[in-house]
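First up is the structure itself, then whatever we jot down about it.
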Amino acid sequence: MNDSSLQMTGPAADLHADLTGAFGLPVWGSSLRLNSSFRMDLGQPCSTDPPRGQWRLRVYAAAWRLETSKAVLGGSGLIREDRQAVVAMLDGKVLVGSDVQLPSLSATFFFSDATRLKLFSQTRGPHHWVLFRPDGMVRVAGPDCSWSLQDDTPDQDSEVHGLSGSQPVRVGPRLTWVAPSFAPRPLVGGSLRINLDEHPGATVVQQPGTRHMVTLPGGVEVDCYTDAAGQTRYVETAPSWYVPHPVLEAAVAGATYAVHPVDGRFAVVLCTDEQARLVEIVADPVAPVGSYGPGGHPLAGLLGGWPGRVSPAALLGSLGASVGEGLGRLGAWLAEAVSRGQHVQVRLQVFYEGAGAVPAGVRADWSVDGQAAAESFANA
Amino acid sequence: MSNDRPDRAIDPTADLRADLTGAIGLQAWGAGLGVGASFALNLGQPNLSRPRWGQWRLRVSRTAWRIETPTSVLTASEYSHGEIDAAVATLDGKVLVDADAELPSLSAVFSFADGTQVKTFSVDADGDHWRLFRPDGLVRIAGPDGFWVLRSSDSPSTDRRRR
């Protein structure tokens, strides 16, 4: 592949130059991140914490596939456990070549064992993928068809960190959400497929320690993960056109509802308490406000910006327009701070009076460059 | 069931071009969004029994995909609903000039006379990546694990899902 660089022009030649010194090195540190995003390292570990290779490829919103000339080894459409196994296969593979397709900036990385990693741009961005170089520069593919070389700042690799435990969740450069109620997916021993689209009368009988892959009428897919006691603890769905159905309408106690990213952005995560009340919201406040349409919840504009696409709508149904307006103002203000280069941390908690089921309001705690502030929005 | 087994020595591009014999040079029509980010387009005369279907109907479903020109991306599978809807509709009137499908993924490219291309990118997800219904009642199906079959479109679907 190195010889072909003589004919390369544009982004393909740029990437080849970015990887000068990396060809011939084995991959290490491959790690699946949120959903199908992942990273892999090449070269000596740098003195960062955690250590990073001299080169680091970080795949964000691009679809991807690992294949040989004869077989697909796996790709971003697999379930998480299988995706993880495919990403782990990258460790030890020796990089021998690279290519970039125009206009999409989809990239291919070639390895010495004749496997290839193909990336496929499928969103507007902000990043399809990025490559950190040893000289402190970062090659950035996206948004859209933009191709740039930027300074490596500490935030560059922070777009979406893992969703484990009480770790802060970064959803964009300089923007961090704090969500202590966030619970990781329970470890499951098997999976069960329930197709309510083809068999609308089927009864869902939950099994312990199982991933229940439910296809709702209309084709919307929802994955419900149960713990060892058979209790649903994690519900994962794509931002789809809202389909009223008990699986999504009925809030589950002590669970995390995660809606996959769209356009490369975190969409929304909702957490419930043991009374099945919404207690935490994690979303991207930079999303356009007020773009909701018929059938969409007023907060849909704030919590992702797609009309009617916040699927667990029942969880948001008890929050009224006053909260939406307040959070809208705050979101716009925080978005400005982020765009000025300031560092923003946010936590949104829904609070109640006693054991009441209807939220009394939402408390927002945030800090901008370390300056902390808070405001409560009454649910009128 | 033997028809549902993928052939071992396949040439998907040759098969796909054969499937589209008679469709090359025709205009796409009725391009529109389905459930989620799936979409379909038609070629040829309306089907007598299904007037909203053409003699050929391409349905792209459980795969990543992108519609692009040589210089810009018009839309892709994870764009917003409104953007996908608008861009898919622009396929109407475009003249199909070629198609190919690559191994081992069975990802396909459908090329139109004005340089626009529909590209699918199989990500090894469950279910059929794309289907091409033909005028003779057969349907070409590309799915995971090299699943590549031509069978009657009236046949019940088989569950090849493995996750």
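The values are calculated or read from the model by the stated rules, or taken from the named source; none is laboratory data. Predicted model only: the values in this text are computed from it and were never measured. Don't worry about glycine lacking a Cβ; one is built from the backbone with ideal geometry, like all the others, and counts go over all protein chains shown. SASA here: full protein model, heavy atoms, side chains in, ligands and nucleic acids out. Shrake-Rupley method; radii C 1.70, N 1.55, O 1.52, S 1.80 Å.
Observations on the model:
- Whether the range A:3-149 is rounded, prolate or oblate, judged on the alpha carbon gyration tensor where a/c under 1.5 counts as rounded: rounded
- Residues of the range A:55-74 that bury at least 50 Å² of accessible area when the other protein chains are present, relative to the chain alone (probe 1.4 Å, heavy atoms, ligands and nucleic acids excluded): A:Arg65, A:Val72.
- Per-residue accessible area (protein heavy atoms, 1.4 Å probe) orders B:Ile67, A:Ile79 as A:Ile79, B:Ile67, starting from the largest.
- Surface listing: A:Asp99, A:Asp18 arranged by accessible area from highest to lowest gives A:Asp99, A:Asp18, probe 1.4 Å.
- A:Gln207 paired with A:Ala13, simple spin-label distance in nm, labels 7 Å along Cα-to-beta-carbon: 5.7
- The label point for A:Ala228 and the one for B:Asn47, both projected 7 Å from the Cα toward the Cβ, are 5.1 nm apart.
- Using a 1.4 Å probe over protein heavy atoms, the accessible area lost on pairing B with A, summed over both chains, comes to approximately 3000 Å².
- Delta accessible area of at least 50 Å² on complex formation, residues of the range B:102-123, 1.4 Å probe, chain isolated as reference: B:Pro104, B:Phe121, B:Val123
- Note on the range B:15-163: with neighbouring protein chains present and a 1.4 Å probe, carbon and sulfur make up 51 percent of its accessible heavy-atom surface.
- The range B:1-137, relative contact order in percent, only Cα pairs under 8 angstrom and at least six apart counted: 28
- Near-label residues of the range A:342-363 by backbone N, under 18 Å of a point 7 Å along Cα→Cβ of A:Ser322: A:349-354, A:356-363
- Note on A:Gln150 and A:Ala337: with the Förster distance fixed at 25 Å, the Cβ-Cβ geometry gives a FRET efficiency of about 0.75.
- Note on B:47-57: average number of Cβ atoms from other chains within 10 Å of each residue's Cβ is 0.
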